[in-house]
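Q: If you scroll down you'll find the structure; I have some questions about it.
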Amino acid sequence: MFCKLALRNSRRNWRENGLYFSALLVAVIAFYMILSLEGHDVMRFLRQQESHAVERILEMLPLFFGFTLVILFGLICAAQRYQLERRSHEFGVYLMMGMRRSGLFALLLAENLTASLLALAVGLPAGVLCSELASLLVDRAVGLGLVGHALAFHPRALAWTALSFLGVNLAAAALLSGGTVRRETGALLTGWREEERKKPHPVLWTATLALGLAGLARAYQWGISGRAWSGVPEMGQTLALGMASTFLLFYGLRGPVSLLAQRRREARGLDRFTFRQVQEQVLARSSSLAVCSLLILAAMCFCSAGMGIFSNYRNQEPRVVDFTFWGEGAQDGAEAEAIAAEVADAIAACGLSEDFDTLFAVRTGHFWTGESDADGVPVDAFHREALIAAVEALPETERGRSSVLYTLNYSADLPHIIPVSDYNRLRAAAGEEPLALEGDQLALYLDPEFLSDDESRLLNGVLEQGISVALDTEPFRVVGPIQSLAIVADRAVTISFGLIIPDEVYDRLEHGGGDVYVNAVLSGHATEEESALEALRRVSRTLEETGLQWESYLQMMARAMVYQVPASYLTVYLALILLLAANTLLGVQFLMAQQRCAHRYRTLLRLGAAYGDLCASLRRQANWYFGLPIAVAAVSSFVGVRSLLAGILSSSSQMSMGQILQVAAIVTGVLIVIEWAYLSGVKRAGCRWLRPLAVPRREE
C-alpha cells in the first residue's frame, strides 16, 4: 500500500510539475556532458599536443561541477517548497487519518527518490547521446573529421552524475520534508495565509530607483572603459556595485508598479485586478527578481562569450604554410636554396614527396651597422622620425594611435629585414599578387599577432602621405599597404616589426647573422581523402622519425583550440545551469503566488468572471513578472558581454571583436527566444491550475 501510494503521487507530481522535472532532466544531461568532457575527441587530440594545459583545465572541472551542485540544491529547494506548499492540505489529511509523522516523512522521501530515479533513467541515456552529438559537432567544426570517431561510454562520469544528483535531491528533500512534517496538523490543513505588505513611501522608492540607475550607469562605465579588468580590487568593486545597484533598482521599481496599479481606474474587465496582482508580486519578491535578473545576465554573458570565443576559432591567422623547417644561417640566396634542397631530400627519404606541393626558403635578418655605444648596445640606424611625426599628428582620439606609436618607438629598434623575393613566395602560397619594390622603396611588416584592424587602417592611411625613412644614411620611401602574412607555420620566429626590402639591398645590409626558414605547403593530393588537420597529423607523425627541426600549423591550431574549445564548453555549461536556475525560480515563485491567492480567483468566478478572462489575466501577470528581470538582464548584457570578452580574449582574438560581438548578439537573441518559450510553458501550467477552480463545487 505504501509503495503504491508513493508511485501514484510521483506520477501525479510529474504530470502537474512538468516544468520542474524538465529542468531536472536538463540538469542530468548537463552534468554528464561536463563530466565526460575529457573523453571527447577534441580533448584527446589536445592532450597529445598541449597535455599540460589540458590537464590544468581538467583539474578545474570539479570546481565548476561543485559550484553547479550548489545552484542545483537551491533550485530543488525552491521547487520542492512550492510542491509541498501546494499539497499542504493533503498532508494534513494523511495525519488526520492516522499516518505517523515518520511515515509521512518516509513517503515524501520515497516519492522524491522515485522521481529522481526516473529523471536519471531518462536523463542519462539522453546525456550520453547529447555528449556524442556535441563531440561530433565540435569535431566537424575544428576539422578533426569523423573517420576516427567511436562511440564513447564514460562509466566514471555516469556514476558521478547519478550519485551527485541523487545526493543533492535527497538532501533537499530531507531538509524540506522534515520541516513540513513537524508543522501542526491544523496549519497543514489551513495552508499558507497571505501577509499584508506595506507599500513603499514615494520618497523612498524614488531615491532607491535613482540610486540603482546611477549605480548601474557607473558599473557600465567601468566595464566598458576596461577599469574592471585592471586589478582584482577594481573587478570586485565593479561586480559589487552592479549587483547592489540591481537590488536597489528592483526595490525602487515597487513605486512605478504601484503607481501603474493605482492609475487603472478606467480599466475594463480584470485589468485592475491584474495590475494589483503584479504590484503585490513585485512588493513581495523584489529581491528574488533581482537575483533572477542577475542569474539571467550571467547566463547571457557566459553563453554569448562561449559561442563568440568558439566562433573566433575560424578567425585565427590564415593558413599559408603547413610546415616550417630550419637550419643554419645563410649568407645569400644560394646558401638558402641549398638548405631547402637538403630538407627536400630528407622529406623524399621518408616517402612524403607527394604530400608537399611547394617548398621554399625565407630569409630573415637584422639591420645593424655594426656600431655600438659606450655600453655595448647596438646603435639603432633605422631613422623613422618622419613616420612617427605623421602618426603623432593624428588626433589623440584616433583608435590604435597609442599602440602604433609604442610599436614605432620601441619595437622598431634594430628591425628585422626580409628580402622581397622570399616574401613574394609567401604571397604566392597565399594566392596573392607579388609585391613590387623599386631600389629605393621598402614595405613595413608587422606580425598578424601584433596588428589589429585599427592599427592596420591607421598605418595604411599614414603611408598614403608618402613617408620617407632612412637605413643608416641611405634614404627609402615607404610604400603601403602594411604586410602581415605569417612567414612561418607557427612560432619559429615572431616579428613584431620588420622591413621588406629589395634583394640587392638585403644582401648589402645583412651581415651574416640571419636565419633561413624552409616553408612547405601540403599538396591537394594530401587533403583529397582526409581533412587538412588529419593530413597534418599524419605527416607530423612521419616527420618525427627524420631528425629534422620543424614545426607545423597544427601546433598553432592546438594552442588556439586548447584555449577556445574548453572555454566554450565551460562557459556554455555555466550559462545553461544559471539559466535553468533563474527560470525555474521565476516559474516556481510565480505559480506559488498564484496558488496562494486561489480564493481570489474563486471569488471572481462567483462574481461572473469567465475562465478565459482569468487565463488572460494570469498570462499578463506572467509577462510582467518574467519581463522585468529579463529586460534588465538584456540591457545589462550589452555591456556585460563586451566587458567579459575584452577581459578574457587574447590580444590576437580581440582583433576580431566586431565579428565575435555579432555572434554574441545572435546568441543573446536565441536566449531571449528560449525565455519566451519557457514563459509560454509557465502560462500553460498556470491555466491548467486554474481549470479546476472554474468547476463549481458544493459548499457544506
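Q: Enter the accessible area per residue of the range 449-580 (Å², integer; probe 1.4 Å; all protein chains in place).
A: Averaged over the residues of the range 449-580, the accessible area is 39 Å².
Q: Further question on the same structure: With a 10 Å radius around each residue's Cβ, average the other Cβ atoms per peptide and rank 546-559, 497-510, highest first.
A: 497-510, 546-559
Q: Relative to the present Cα-Cα distance, how much length would full extension add between Ala214 and Ser288 at 0.36 nm per residue of separation?
A: 24.5 nm is the gain from fully extending Ala214 to Ser288.
Q: At a 1.4 Å probe radius, carbon and sulfur cover how many percent of the accessible area of the range 92-144?
A: Using a 1.4 Å probe with all protein chains present, the range 92-144 comes out at 76 percent carbon and sulfur.
Q: Give the peptides 291-300, 566-575 in descending order of average Cβ contacts within 10 Å, highest first.
A: Top of the packing list down: 291-300, 566-575.
Q: Taking every pair of alpha-carbon atoms in the range 370-490, what share in percent sits in each 10 Å bin, from 0 to the bin with the longest distance?
A: 11, 42, 35, 12, 0
Q: Moving on. Between His599 and Ala174, what is the FRET efficiency for a Förster distance of 51 Å, r being their Cβ-Cβ separation, to the nearest 0.05?
A: Efficiency, from the Cβ-Cβ distance: 0.95.
Q: Which Rg and Dmax, in Å, describe the Cα atoms of the range 448-580?
A: In order Rg, Dmax, the Cα atoms of the range 448-580 give 21.2, 69 Å.
Q: For the peptides 668-677, 168-177, what is the packing order when you average, over each peptide's residues, the other Cβ atoms within 10 Å and list the highest mean first?
A: For the peptides 668-677, 168-177, the packing ranking is 168-177, 668-677.
Q: Show the residues, 5+ positions off or on another chain, whose built amide H is closer than 5 Å to the amide H of Leu499.
A: His416, Ile417, Ile418, Tyr445
Q: Next question, about the same structure. What spacing in nm lies between the two simple spin-label points modelled at Arg508 and Arg44, each 7 Å away from Cα in the Cβ direction?
A: Placing both labels 7 Å along Cα→Cβ, they lie 5.9 nm apart.
Q: Then there's this: Within the range 469-488, whose backbone N sits under 15 Å from a point 7 Å along Cα→Cβ of Arg457?
A: Label zone hits: none.
Q: Report the full-extension gain for the segment His366 to Ala610: residue separation times 0.36 nm, less the Cα-Cα distance, to one decimal in nm.
A: Net length gain for the segment: 79.2 nm.
Q: Can you give the accessible area per residue of the range 18-92, in Å², using a 1.4 Å probe?
A: Ligands and nucleic acids excluded, the result is 39 Å² per residue.
Q: For Ala470 and Cys350, calculate 0.36 nm times their separation in residues minus their Cα-Cα distance, and state this gained length in nm to one decimal.
A: The span from Ala470 to Cys350 would gain 38.5 nm if fully extended.
Q: While we're on this one: Explain nothing, just compute: Karplus ³J(HN,Hα) = 6.51 cos²θ - 1.76 cosθ + 1.60, θ = phi - 60°, for every residue of the range 576-583 in order, whole Hz, x for Gly and Pro.
A: Per-residue couplings from phi come out as 4, 5, 5, 5, 4, 5, 5, 5 Hz.
Q: Between Glu337 and Leu129, what FRET efficiency follows from the Cβ-Cβ distance if R0 is 56 Å, with the result rounded to 0.05?
A: 0.50
Q: Can you give the convex hull volume per residue for the Cα atoms of the range 409-449, as a whole number of Å³?
A: 92
Q: On to the next question. In whole Hz and in residue order, list the ³J(HN,Hα) couplings for the range 113-121 that follow from phi through the Karplus curve 6.51 cos²θ - 1.76 cosθ + 1.60, θ = phi - 60°; x for Gly and Pro.
A: 5, 4, 5, 5, 5, 5, 4, 5, 4
The values are calculated or read from the model by the stated rules, or taken from the named source; none is laboratory data. Keep in mind the model is a prediction, meaning the values are calculated, not measured. Virtual Cβ from ideal backbone geometry, glycine too; neighbours counted across all protein chains shown. To get the accessible areas, we keep the full protein, side chains included, count just its heavy atoms, and leave off ligands, DNA and RNA. Shrake-Rupley method; radii C 1.70, N 1.55, O 1.52, S 1.80 Å.
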